[in-house]
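Okay, so here's the structure we're looking at.
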Amino acid sequence: MALEGKERFALVDPARSTLKLVPSEQMVPGERFRLTVRFENTSAPASASLQFVVHAAQAEPLVSVHRQPRPAESFRQELQVKDAQLRRCQEDNSRLRAESTGPGGLAGLLAADVTGDMGVDAEDILDRILRAPSSALRLQRVHAYRTKDRVGVRLALENPAGGEEWTAEWASLVLAGRRDLELKVLVVWQKAPIPGGESRKVVVEAEAPDASIRGPFVLKLWAKGGTRPVTLSGVTFP
């Protein structure tokens, strides 16, 4: 095999049919590394190439590479992955359709029964938030919200003077100290990019079916390709 930037990885562990790669903290979001593997026998194709892109908050835990003719098991695995992706798309589509058929504004929330009987709980949590020094933007204000089975965060983020425009691509909400417990983010909304020297509002909404789990959570937002992330710890919900 040939791996670009091999010295930048914390672990490169090749075996007969697998290759384990562990990235190091030296890597920067947006960096690309090409991996080329060559097969043992003379069948075609003789090699396969992959390109890894460093992302601040997302990762593929397993990448399978197959050469034709593929065994039936590989097709079953691929179908299982595609079926899971299709189910998620169908669930999201059903949710969006249900929310778009009613009125807008507060009436829409009430009609969709998103708020439940007790409405929306809100809290200013700015004084308990810790912003990672590596964050690309500054935090000005932050409020947390909870409804029947959802939570939300509304932030005012400031882009330093001279900085490139910043638009949130996506976000994650992970329970502090529990990487296995992550809320499903439904929406990341931003009306317009944040120019350098200005601030804008960013809204994040996530599912929270278990009302007993209130945090603290670690909220991560990042721009396109996982670049210029913003990391905020200490996020709690009412």
With only alpha-carbon atoms counted, please give the Rg and Dmax of the chain, in Å. 21.6, 68
Points 7 angstrom from Cα along the Cβ direction at ASP92 and ALA57: gap in nanometres? 1.4
With the 8 Å Cα cutoff and a minimum separation of six or more residues, the chain has a relative contact order in percent of 17
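Can you sort HIS66, HIS143 from fewest to most other Cβ atoms within 10 Å of each residue's own Cβ? Working shown, then result.
On the way: HIS66 13, HIS143 16.
Fewest-to-most ranking of HIS66, HIS143: HIS66, HIS143.
So how many Å³ per residue does the convex hull of the Cα atoms of the stretch 129-238 work out to? Can you show the working numbers first?
Details: hull volume 10.3 nm³, N = 110.
Enclosed volume per residue, from the Cα hull, is 94 Å³.
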Report, to the nearest 10°, how far helix 72-100 tilts away from the longest principal axis of the Cα atoms in the chain, using its own Cα long axis and a range of 0 to 90°. 20
The local net charge around VAL53, scoring Lys/Arg +1 and Asp/Glu -1 for residues other than VAL53 whose Cβ lies under 9 Å from its Cβ, equals 0
Spin-label pair LYS20/ALA211, simplified geometry with 7 Å Cα→Cβ offset, distance in nm: 4.4
Using the Karplus curve 6.51 cos²θ - 1.76 cosθ + 1.60 with θ = phi - 60°, what ³J(HN,Hα) values do you get for each residue of the stretch 160-172, in whole Hz, with x for Gly and Pro? x, 4, x, x, 5, 3, 10, 10, 5, 7, 6, 8, 9
Karplus-derived 3J(HN,Hα), 6.51/-1.76/1.60, for each residue of the stretch 149-154, Hz, glycine and proline x: 9, 9, 10, x, 10, 10
Once amide H atoms are placed 1.01 Å from N in the peptide plane, what residues at a sequence separation of 5 or more from ALA176, or on another chain, have their amide H within under 5 Å of its amide H? PHE217, VAL218
Long-range amide H contacts for ARG141: which residues qualify at under 5 Å (H placed 1.01 Å from N, peptide plane, sequence gap of 5 or more or a different chain)? ALA156
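If neighbour count is taken as other Cβ atoms inside 10 Å, put THR42, THR231 in order from fewest to most. The partial results should precede the final answer.
Numbers: THR42 6, THR231 19.
Fewest-to-most Cβ neighbours within 10 Å comes out as THR42, THR231.
So if each residue of separation counts as 0.36 nm, and I subtract the Cα-Cα distance between ASP180 and VAL28, what length gain in nm does that give? Working shown, then result.
Details: separation 152, 0.36 × 152 = 54.72 nm, distance 2.41 nm.
Full extension of this stretch gives 52.3 nm more.
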Can you list the residues, at least 5 places off or on another chain, whose amide H is less than 5 Å from the amide H of GLY30, using H built in the peptide plane? VAL54, HIS55
Please give the Cα centre distance for the stretch 201-232 versus the stretch 77-97, rounded to the nearest Å. 22
Across the Cα atoms of the stretch 2-53, what radius of gyration and what greatest pairwise Cα-Cα distance (Dmax) are found, in Å? 12.4, 38
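Where does each of PHE237, PHE39 land when they are ranked from fewest to most other beta-carbon atoms within 10 angstrom? Before the final figure, lay out each step's value.
On the way: PHE237 24, PHE39 13.
Placing the least packed residue first, the sequence is PHE39, PHE237.
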FRET efficiency estimate (nearest 0.05) - Cβ-Cβ, ASP127 to LEU79, R0 41 angstrom: 0.25
Between the modelled labels at GLN68 and ALA192 (7 Å from Cα along Cα→Cβ) the distance in nm is 5.1
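Every read-out reported here was derived from the displayed coordinates using simple, explicitly stated rules and does not represent laboratory data. Note that the structure is a prediction, hence the values are computed from the model and not measured. Methodologically, a virtual Cβ is constructed for each residue, glycine included, from the backbone with ideal geometry; neighbour enumeration extends over all protein chains shown.
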